[in-house]
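The values are calculated or read from the model by the stated rules, or taken from the named source; none is laboratory data. The shown structure was predicted, so the numbers you read here are calculated from the model rather than taken from an experiment. With ideal geometry, Cβ positions are generated from the backbone for all residues, glycine too; neighbour counts draw on all protein chains shown.
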Amino acid sequence: MTSETIISNKYTPTAVILQLAAFMFIISACVGGGAPPTGGSDSAAATPAADPEEVLVEIDFDEYVVLMDPVVPSGPVTLKLANKGFEEHNLLFVVVESDSTVWETERRLSPGERRTVMLELAPGRYRAVCDFAGHEDRGMFTEFLVEETTPDESGSEL
Ligand SMILES: [Cu+2]
């Protein structure tokens, strides 16, 4: 046996094909194990009749913070909730002055979950709180102001 045959044995087409097959298997396994086909989409396909005047309020959850704009216009808003942490979280809106809860999530958000909620807010100062599993005591709250919106002023923005 010459050294030439040893080298050619190492790089047979069969070995290359097997490696390729293994590679393809890994690729398909990754795709198959990914997000479910209907979940995790950021597209607006679910709300084709979206109002162009829609006011979006993005609220992110993490351990242990609630992140959102400190000022929100009054009236109808669309909350875009996103749990970016690794624990479950919920959300309550509490009027600061009266300490009364005006809205809360129907169920907790799982890690990575996104949820859209339509809501109407009256002017005032609010606390946005996650009161799940002692998170509030760890600082998982923020305050925001709902400001009265007057249609006449909307044209002067920017
Ligand atoms: Cu929480």
Report summary line: Restricting attention to the stretch 112-136, the residues that are loosely packed, with under 13 Cβ neighbours inside 10 Å and either without any contact (Cβ under 8 Å) to a residue 40 or more places away in the chain or acidic (Asp, Glu) (or both) number exactly 3
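What is the residue count in the stretch 96-114 for residues that are basic (Lys, Arg) and away from the ligand (no atom under 14 Å from the Cβ)? Working first, answer last.
Here is the first cut: in the stretch 96-114, the ones basic (Lys, Arg) are 107-108, 114.
With away from the ligand (no atom under 14 Å from the Cβ) added as a condition, the list becomes 114.
Within the stretch 96-114, residues that are basic (Lys, Arg) and away from the ligand (no atom under 14 Å from the Cβ) number 1.
Considering 77, 65, which residue is within 16 Å of the ligand (Cβ to nearest atom), in the same structural domain as residue 142 (by TED's automatic domain parsing) and crowded, with 16+ Cβ neighbours inside 10 Å? Give the steps one after another, and end with the answer.
On the way: 77 fails: within 16 Å of the ligand (Cβ to nearest atom).
The conditions single out 65.
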